[in-house]
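Data block below; observations after.
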Amino acid sequence: MFLFKLLLIFSFFTAAGNGNELWKRIDTQEHISFLFPNTVQSLTQENNGIRSHVYQTKDLTCVFGVVCSDFSNSPLQITDETAPIIYEQMRKTSVGMESAILKDEKTIPYDNMLIKEIEYSIIKDNYEMTYFKRFIFRDNMVYQLSVGGRSRHREYILKGREIFFNSVQFK
């Protein structure tokens, strides 16, 4: 067990380093780029005329994900009035599991975009898991960024969250 913890600590700090030098920048066709600590997996989904591109990866302690949903061809357009309503539905879906506990919710100040962030925990496979999720409403796109892992690795989740969320750039 000690060797596993030592390997976990070493690998995280090697990946995170003093900053993010070993993380890989992912440039998407959805006008967003971000850093991931590992090779990206991507897939495309469509639901009710809304096309979504999903990017995901994981390291030894955390899972990372970005969902880019394009509302351009949807009857529901993203406006100042509809964004809060869509956010409420997405938040409810994120914390809709019976074991889910919403721990924090905040608005991130930013010009010309609505950005909301939640922290929640769930019980999965008899482990408490902690997740941080950001919802970004920009033009006719909704971006959902998430990072999480076992709650006992909170310090690593927070470090990954800091690098990942702060790496987001729009093109």
(request) Convert each backbone phi in segment 78-85 into a coupling constant with the Karplus relation 6.51 cos²θ - 1.76 cosθ + 1.60 (shift: θ = phi - 60°), then list the ³J(HN,Hα) values in order as whole Hz, x for Gly and Pro. (result) 7, 10, 4, 7, 7, 4, x, 5
(request) Would you mind working out the magnitude of the charge dipole of the chain relative to its Cα centre, with +1 at each Lys and Arg C-beta and -1 at each Asp and Glu C-beta, to the nearest 20 Debye? (result) 540 debye
(message) Can you give me the distance in nm between label points at ASP125 and ASN48, each placed 7 Å from the Cα along the Cα-to-Cβ direction?
(response) 3.1 nm
(request) May I ask you to give the solvent-accessible area per residue for the chain, in square angstrom, as obtained with a 1.4 angstrom probe? (result) 58 Å²
(message) I need to check one value: relative contact order of the chain, counting alpha carbon pairs closer than 8 Å and at least 6 residues apart, in percent.
(response) 21 percent
(request) Enumerate the calculated ³J(HN,Hα) couplings along segment 128-143 in order (Karplus 6.51 cos²θ - 1.76 cosθ + 1.60, θ = phi - 60°), each rounded to whole Hz, writing x wherever the residue is Gly or Pro. (result) 7, 10, 10, 10, 10, 9, 10, 10, 10, 10, 9, 6, 9, 10, 10, 10
(message) Output wanted: per-residue J couplings in Hz (rounded whole) for segment 26-32, from phi through Karplus 6.51 cos²θ - 1.76 cosθ + 1.60, θ = phi - 60°, x for Gly and Pro.
(response) 10, 9, 10, 7, 8, 6, 9
(request) Arrange the peptides 60-69, 27-36, 144-153 so that the one whose residues have, on average, the most other Cβ atoms within 10 Å appears first. (result) 60-69, 144-153, 27-36
(message) Give me, ordered by chain and number, the residues 5 or more places off GLU128 or on other chains with an amide H under 5 Å from its own placed amide H.
(response) SER151
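First measure r as the distance between the Cβ atoms of LYS92 and VAL63, then evaluate 1/(1 + (r/R0)^6) with R0 = 30 Å and state the FRET efficiency to the nearest 0.05.
On the way: r = 21 Å, r/R0 = 0.71.
So, using R0 = 30 Å, E works out to roughly 0.90.
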(message) Quick query: amide H of LYS24 versus all other amide H atoms, modeled in the peptide plane; which residues come in under 5 Å with a sequence gap of 5 or more or a different chain?
(response) PHE36, ASN38
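With each run of n ≥ 4 DSSP H residues scored as -39500 (n - 2.57), what mean residue ellipticity at 222 nm is computed for the chain after dividing by its residue count and rounding to the nearest 500 deg cm²/dmol? Kindly include the intermediate steps, with their values, before the conclusion.
On the way: 3 runs with 41 residues, N = 171.
-7500 deg cm²/dmol, from helical runs alone.
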(message) Between ASN73 and LYS103, what is 0.36 nm times their sequence separation minus the Cα-Cα distance? Round to one decimal in nm.
(response) 7.4 nm
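The values are calculated or read from the model by the stated rules, or taken from the named source; none is laboratory data. These figures come from a predicted structure and were not determined experimentally. With ideal geometry, Cβ positions are generated from the backbone for all residues, glycine too; neighbour counts draw on all protein chains shown. Note: accessible area is taken over every heavy atom of the protein model, side chains too, but ligands, DNA and RNA are not part of it. Shrake-Rupley method; radii C 1.70, N 1.55, O 1.52, S 1.80 Å.
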